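Peer 1: One structure, as structure tokens, below. Some questions next.
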Ligand SMILES: Cc1cc2nc3c(=O)[nH]c(=O)nc-3n(C[C@H](O)[C@H](O)[C@H](O)COP(=O)(O)OP(=O)(O)OC[C@H]3O[C@@H](n4cnc5c(N)ncnc54)[C@H](O)[C@@H]3O)c2cc1C
């Protein structure tokens, strides 16, 4: 592939959706990705939840009414294209320990803004296999099996000869008057989707990132079956396959290593024990860095000084729901000249 229309660096959520929309629009693409040290993929560690309500105050996710329906349709269409199943609708059962939370959620559930998302709020125990709780809220939620989704799209790229499995070194990039050259490949345009590794990118590393490390345990649970729901009680517990579940996570802005740590393993294990009455076995432990931004909005757009370079990043804690919508917006911007939402456009940092 000596000449392509677009080069994309990274095949996490951002790069996958950018490449997907470019290919759908009929453009040729080369995706360069090295999902291993020193560039671990946050998307491969993520639990894949599209959570409509978040935080201690149960606030509706930013842009939920726009990005969630868009993402639902996008993942379902991609399942058909890839002939692979990775998207599901699963209620999120949020265990409530305080009467204030129960009252607050009951009030929210009557508000028109929250009606599509809060299915029920009950002052009873959800399941006897769980530790004591005052009540629970059940939210309408979707989730994506991230490794299945990313691997299926990677194989799709491979079949089209559109994947280059190698580290991308910015020193090998030459900016041409009408495009870019990297090794023996030239392209009209390059889109960086490097996640937290953007700190190594000399063109975009000044964007105000606030990386947030997160860890997750994989556990085996044989004495109870929570495969039809997502549990939330401090940590999320979500079914992977068979007897296996994902449990996490935490947020760390100051960390000395990007590797999993014993301290957080113990913290998450304690939170699982605070949730489940039944025994479980820890079978895996992962860590990754979320590419979060200072104001929790993504970074989308073309470099004001280098019109052949664009970026989709800053997806933070919400990459699963934000990536399809903003990748589509960026691709339309590049191919049709349509505008990018002011709240996410990177132009705001170059005044
Ligand atoms: C523990 C945890 C749980 C999470 N749970 C959720 C969740 O439930 N729902 C949700 O919406 N979000 C969740 N997130 C956040 C989500 O993972 C991120 O928003 C999302 O993955 C960011 O995607 P990205 O494509 O920008 O970055 P990444 O997924 O990190 O992708 C970047 C890709 O670029 C590659 N790369 C980078 N630099 C280079 C280079 N120089 N050369 C070659 N390849 C390179 C990397 O290998 C990687 O494949 C979670 C994150 C963590 C850590």
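The values are calculated or read from the model by the stated rules, or taken from the named source; none is laboratory data. Source: prediction; values computed, not measured. Here the Cβ positions follow ideal geometry from the backbone for every residue, glycine too, while neighbour counts run over all protein chains shown.
Peer 1: Name the one entry in 71, 64 that is within 10 Å of the ligand (Cβ to nearest atom), touching a strand residue (DSSP E or B) at 6+ places or on another chain (Cβ under 9 Å) and outside the structural domain of residue 158 (by TED's automatic domain parsing).
Peer 2: Going through 71, 64 in turn, just one is within 10 Å of the ligand (Cβ to nearest atom), touching a strand residue (DSSP E or B) at 6+ places or on another chain (Cβ under 9 Å) and outside the structural domain of residue 158 (by TED's automatic domain parsing): 71.
Peer 1: Six or more apart or on different chains, Cβ atoms under 9 Å: show the pairs whose first residue is in the range 192-207 and in the same structural domain as residue 174 (by TED's automatic domain parsing) and more than 14 Å from residue 300 (Cα to Cα) and whose second is within 6 Å of the ligand (Cβ to nearest atom) and in a helix (DSSP H, G or I).
Peer 2: Close Cβ pairs (under 9 Å, with a partner that is within 6 Å of the ligand (Cβ to nearest atom) and in a helix (DSSP H, G or I)) amount to 196/42.
Peer 1: Restricting attention to the range 57-73, which residues are within 17 Å of residue 327 (Cβ to Cβ), touching a residue at least 24 places away in the same chain (Cβ under 8 Å) and assigned to a helix (DSSP H, G or I)?
Peer 2: Result: 66, 67, 68, 70, 71, 72.
Peer 1: Now for a separate question. Among the residues of the range 102-114, is any more than 30 Å from residue 197 (Cβ to Cβ), touching a strand residue (DSSP E or B) at 6+ places or on another chain (Cβ under 6 Å) and part of a strand (DSSP E or B)?
Peer 2: no
Peer 1: What number of residues within the range 42-61 are touching a helix residue (DSSP H, G or I) at 6+ places or on another chain (Cβ under 9 Å) and more than 14 Å from the ligand (Cβ to nearest atom)?
Peer 2: 4
Peer 1: Starting from residues that are in a strand (DSSP E or B) and within 23 Å of residue 47 (Cα to Cα), keep the ones in the range 295-327 and report whichever is farthest from the ligand (Cβ to nearest atom).
Peer 2: 299
Peer 1: A follow-up question, please. Just checking: which of the strands (runs of 3 or more DSSP E) contained wholly in the range 116-165 hold 3 or more residues that are in contact (Cβ under 8 Å) with a residue 12 or more places away in the chain and crowded, with 20+ Cβ neighbours inside 10 Å?
Peer 2: Result: 135-139, 142-144.
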